[in-house]
Amino acid sequence: MEKRKVVIVGASHGGHEAAFEILNHYQNVDVTLLEQSDYVSFMSCGMKLYLEGKTTGINDVRNFRSNQLQNKNGHLYNNTKAVSINTFENTVTAKNVKTGEEAKFPYDKLIISSGVNPAKLSLPGADLENIYLMRGYDWVKKIDAAQKDDSIHNVAIIGAGNGIAAAEVMAKAGKNVTLIDSGKKPLENYLNNTYTDVFEKVLTKNGVNLAMETKVVGFGGDKKVDTVKTNNGDIKTDLVIIAVGVSPNTQWLDGTVELYDNGYIKTDEYFRTSAPDIYAIGDAVFPFSIPANRRVPIPSAIAARHEAQYVVEHLFETTPSRPFAGIVGAQVLEAFDMHAVTTGLSEKMAERAGINACEVVFKDHLRPAYIPEKDNPEAYLSIVYNAESHQVLGGSTLSSYDITAQANVLSLAIREKLTLEDLAEADFFFSPSFDKQWNIINLAAQKALNYNQIV
């Protein structure tokens, strides 16, 4: 019997998961993975750790190595960019980015996991040297060289979301850092006002200059950038790092599969596109959000892997036996010694989804009062909930201590559609070495329900 051919475009989280899942679960299947980069499966989420010297090396910051796929009889083509799809003959045309040579790859099933590209600023002077982007293998090498370059004194970072990672790295490297954003506070698109106030203080305390409510209008310099031009005046700099979001890598699909106006790929509840036998997963699609009860963007390695696993499970079914269950979504946001994890919907996101939502924020020391403050860290925990039903829609944690476990509990609560009452009454492990008799999750839910806290 002739092998069924599966072609996968993109070797990051979704493509990686799909390729190995197929080879692990199916017999008589030929898997071909196309990757436009030279370096295969770089993990941009590991950029900050690499720049801080906390990894085993740049060539290890990846999901997998080429030989691991080849050892399973999969085929991998790097430096190979998919440029078009012929849906009549079921082929993908791809071009070698180094030689320009084109080749056709036949498929029975095609999985698109082409992801997103870092957004650029189309402004005067944007083509000057020393203007970098905060994503990808090639850029991280340049940023690493810059942090070690003694001739670079002033660094301007545009974007107070993901740009905070670059700000921390450069400040620790002894650079004079200015963080620029049009918003009022760092991370305001992700966190509540209580949390953004904390991050604002942390950044300032660690020497990061904040230029909030500042719009970049251009760049100045002779060959190399030396000025960021803004509505509030010029900012002198030797280096600019842009971290202002992403755009879907889908231009090559226009006219082949249906796209939204913003370029993201339209899919059904099974991740099938408008073209037969073509699926799309990863950051360039809008998966179903469990708390929002609708499709929303959830750019996440975890989301991409869940999507890939689902698609592979139902890849050869004429009609998938079940739709995709959905994603909660979670991410970490950190600066210096302060770490936040947010999961599900924020209050703002819930309102945009048409949900009447409230948020409670609880602050306390994690352990009993008889533990000295130096060993008893403060922590914040918030819960976003439906004002009528009390269903938990989102939540977040914030502390200099690792309380990511509490955030994972909130994620599970959201997925299982638990209520404030469920969290208020839940029993958790207790030891004064770690927490109080009432866990901080209990206490936050009890505060939302107006319980009287026992001293």
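Report yes if Gln27 is under 16 Å from Glu313 (Cα atoms) and in a loop (DSSP other than H, G, I, E, B), otherwise no. For Gln27, the condition - under 16 Å from Glu313 (Cα atoms) and in a loop (DSSP other than H, G, I, E, B) - is met. Across segment 228-239, what is the number of residues that are surrounded by 13 or more Cβ atoms within 10 Å (Cβ to Cβ) and within 30 Å of the chain's Cα centre (by Cα)? Of the residues in that region, 7 qualify.
The test for being polar (S, T, N, Q), assigned to a helix (DSSP H, G or I) and at pLDDT below 95 holds for Asn67.
Of the residues making up segment 102-128, those that are over 26 Å from the mean Cα position of the chain (by Cα), surrounded by fewer than 18 Cβ atoms within 10 Å (Cβ to Cβ) and outside any loop (DSSP other than H, G, I, E, B) are Glu102, Ala103, Lys104, Pro106. Scanning segment 1-22 for residues that are assigned to a helix (DSSP H, G or I) and either of a type in the set (Gly, Ala, Ser) or farther than 19 Å from Gly282 by Cβ (or both) yields a total of 4.
Just to be sure, is Asp422 without any contact (Cβ under 8 Å) to a residue 60 or more places away in the chain and charged (D, E, K, R)? In short, yes.
Please go through segment 390-403 and pick out each residue that is within 18 Å of Gln446 (Cβ to Cβ) and assigned to a loop (DSSP other than H, G, I, E, B). Correct list: His390, Ile403.
Figure legend. Inter-residue proximity from segment 370-389: first residues within 16 Å of Glu359 (Cα to Cα), second residues of a type in the set (S, T, N, Q), beta-carbon distance below 6 Å, spacing 6+ or different chains. Indicated pairs: Leu381/Thr397; Ser382/Ser396; Ala387/Asn356. Every condition in (1) assigned by TED's automatic domain parsing to the domain that holds Pro276; (2) surrounded by 22 or more Cβ atoms within 10 Å (Cβ to Cβ) holds for Leu410 except the one numbered (1). Checking each residue in segment 18-44 for being among the charged types (D, E, K, R) and within 14 Å of Val97 (Cα to Cα) picks out Glu35, Asp38.
The condition (being touching a strand residue (DSSP E or B) at 6+ places or on another chain (Cβ under 7 Å) and either at pLDDT 95 or above or not assigned by TED's automatic domain parsing to the domain that holds Ile111 (or both)) is satisfied by just one residue among Leu51, Leu33: Leu33.
The values are calculated or read from the model by the stated rules, or taken from the named source; none is laboratory data. Remember, it's a predicted structure, so these values are computed and weren't measured experimentally. For neighbour counting, all protein chains shown are included, and Cβ atoms are generated from backbone atoms with ideal geometry for every residue, glycine included.
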